[in-house]
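The next block holds one structure in the form of structure tokens; read it before the comments.
The values are calculated or read from the model by the stated rules, or taken from the named source; none is laboratory data. The model shown is predicted, which means the values in this text are computed figures rather than measured ones. For neighbour counting, all protein chains shown are included, and Cβ atoms are generated from backbone atoms with ideal geometry for every residue, glycine included. What goes into the accessible areas is simple: the full protein's heavy atoms, side chains included, and nothing from ligands, DNA or RNA. Shrake-Rupley method; radii C 1.70, N 1.55, O 1.52, S 1.80 Å.
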Amino acid sequence: MSDNNLTQTSHEDWMRKCLRLATKAMLEDEVPVGAIVVHKGKIIGQGYNQCNSLNDATAHAEMLAITAASNTIGDWRLNDCTMYVTKEPCPMCAGAIVNSRIEFLYFGCYDEDYGACGSKFEICGNVSLNTPAVVRGNLLAGESLALLQEYFFKKRQKKKEF
């Protein structure tokens, strides 16, 4: 899918779907991150953080969305696919994005501590890699950041109660 076929409005629509998934994660006491993989205008994979509920350090939203998308199309190569995620991917997820051949990556807020798509590291979009994704950040970043801030504020409040 050519990135030019999507308007800014539709990029925001896809991100709103990610935000709903991130909200679901927060309701399940998970870090609120949601991700989808889109191919030819259809969601073929989606996920939200489930590290705690699955007792799996790799159960990040992006990893679960990539796995679901690969299962949907029956191939680990997600050529011509676009991923949307509410927060800049970490190094593990960025590596999976590159390895799965995702063509475009849109994310919400930057992660200055662990981000691997321009903040702390440059894995996605790195031209020295064989399959660099085109990366765009700050898509509905305020909404993504607000969810994360609310989640961590509540976590800190619970710690103070004890």
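Here the accessible area of segment 3-107 is 49 percent carbon and sulfur, with a 1.4 angstrom probe and all protein chains present. Within the listed set 104, 152, 121, the Gaussian network model of the chain (springs between alpha-carbon atoms below 10 Å) gives the highest mean-square fluctuation for 152.
Applying both filters, DSSP loop and at most 10 other Cβ atoms within 10 Å, to the GluC sites (Glu not before Pro) of segment 78-162 gives 112. Lysine pairs in the chain whose alpha-carbon atoms fall under 27 angstrom of each other, counting only those eight or more residues apart or on distinct chains, come to 24.
Label-to-label distance for residue 120 and residue 134 is 2.8 nm, based on points extended 7 Å past Cα in the beta-carbon direction.
Cysteines in the chain that lack a partner Cβ within the 4.7 Å cut-off: 18, 51, 81, 90, 93, 109.
Per residue, the solvent-accessible area of segment 95-162 (1.4 Å probe, heavy atoms of protein chains only, all protein chains present) comes to 61 Å². For segment 1-93, chymotrypsin sites (Phe, Trp or Tyr not before Pro) are listed when DSSP marks them as loop and at most 16 other Cβ atoms sit within 10 Å of their Cβ; the list is 76. The mean sequence separation of alpha-carbon pairs under 8 Å and at least six residues apart, normalised by the residue count of segment 70-125, gives a relative contact order of 36 percent.
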